[in-house]
Each structure stands twice: as C-alpha cells, then as structure tokens.
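Contents: one structure, followed by commentary.
The values are calculated or read from the model by the stated rules, or taken from the named source; none is laboratory data. Being a predicted model, the structure only gives us computed values, none of them experimental. Cβ atoms come from the backbone with ideal geometry, glycine included; neighbour counts cover every protein chain shown.
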Amino acid sequence: MQILSRPPGGKIFNEKMIPRQSDMTFEECMEVSMSPAQNEVFLVIDEWWKKYHYAPTLRDIAYIRGKMGLANTKRLVDRLVDLGVVKKLKGRGRTVRPVYINFRNLE
C-alpha cells in the first residue's frame, strides 16, 4: 500500500489525510451519537486543533480530561475513528484530527 504519492505539482502529501466530499462538518460530527466520554475526547481534540494547529498526544488528551489511563484514551479515540468523526494514521504519533480540518486552510 502506497501512503505517499507525488501529485502533478511535485509536492508530497498523504492520501489518507486529505479531505473528501464524504467528510462531515463540525455540526454533522456533533449530531453523531457519542457517549459522554467520546464527546469529551472529540471536543478536546477539536479545541486543541483550533488553539495549536497540530494534533494532541494521547497523554495530552488524558491530562486535559483529568484521567491517567492512556489505554482507555486510545480506545476512545479509536471508537471516534470508527464513528467517522476523527481521522488518524496507524503507527504515527500526533495524527489524530477532526475530519473537517483541512491542512490547507486552518482557522
């Protein structure tokens, strides 16, 4: 499986992280049925992106939530990926982001 590809312009980008037509907006993400803990993690990730313009670590997410368990935080993030409200790359740190965040036009 090829992760990186070179478009006609010559810049390298990651195909798994580019926005698609099927990606949800913030309002659509908030309408998805999430548990209170999942909703809290989603909002932490969203606010982190809005403030710092890069992804939080699992440790950052757990610390903000006032929890110490990284395994539970990872499970919550994985469930959010399954729900389709966040994206992340397997085996890569700091790649979790809400699906509506576009790298080319961050707020």
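Go through (1) in contact with an Asp or Glu (Cβ under 8 Å, 6 or more places away or on another chain); (2) over 19 Å from residue 28 (Cα atoms) one by one and return the number of the condition residue 91 breaks.
Of everything listed in (1) in contact with an Asp or Glu (Cβ under 8 Å, 6 or more places away or on another chain); (2) over 19 Å from residue 28 (Cα atoms), residue 91 misses just condition (1).
Looking at 51, 87, which is the one that is closer than 18 Å to residue 101 by Cβ, at pLDDT 80 or above, under 12 Å from the mean Cα position of the chain (by Cα) and among the basic types (Lys, Arg)? Full working, then the answer.
On the way: 51 fails: under 12 Å from the mean Cα position of the chain (by Cα).
Going through 51, 87 in turn, just one is closer than 18 Å to residue 101 by Cβ, at pLDDT 80 or above, under 12 Å from the mean Cα position of the chain (by Cα) and among the basic types (Lys, Arg): 87.
Six or more apart or on different chains, Cβ under 7 Å: which pairs go from a residue in the stretch 50-77 that's in contact (Cβ under 8 Å) with a residue 12 or more places away in the chain to one that's small (Gly, Ala, Ser)? Could you list them?
57/93; 70/62; 73/62; 76/37
Which one of these does residue 105 not meet: (1) exposed (fewer than 13 other Cβ atoms within 10 Å of the Cβ); (2) modelled with pLDDT of 90 or more; (3) closer than 22 Å to residue 23 by Cα?
Failing condition for residue 105: (2).
Please return the ranges of helices (runs of 4 or more DSSP H) entirely within the stretch 20-107 where 2 or more residues are touching a helix residue (DSSP H, G or I) at 6+ places or on another chain (Cβ under 6 Å) and not charged (D, E, K, R). Steps first, answer last, please.
Values: elements: 26-31, 36-52, 58-65, 70-83.
Hits in the stretch 20-107: 36-52, 58-65, 70-83.
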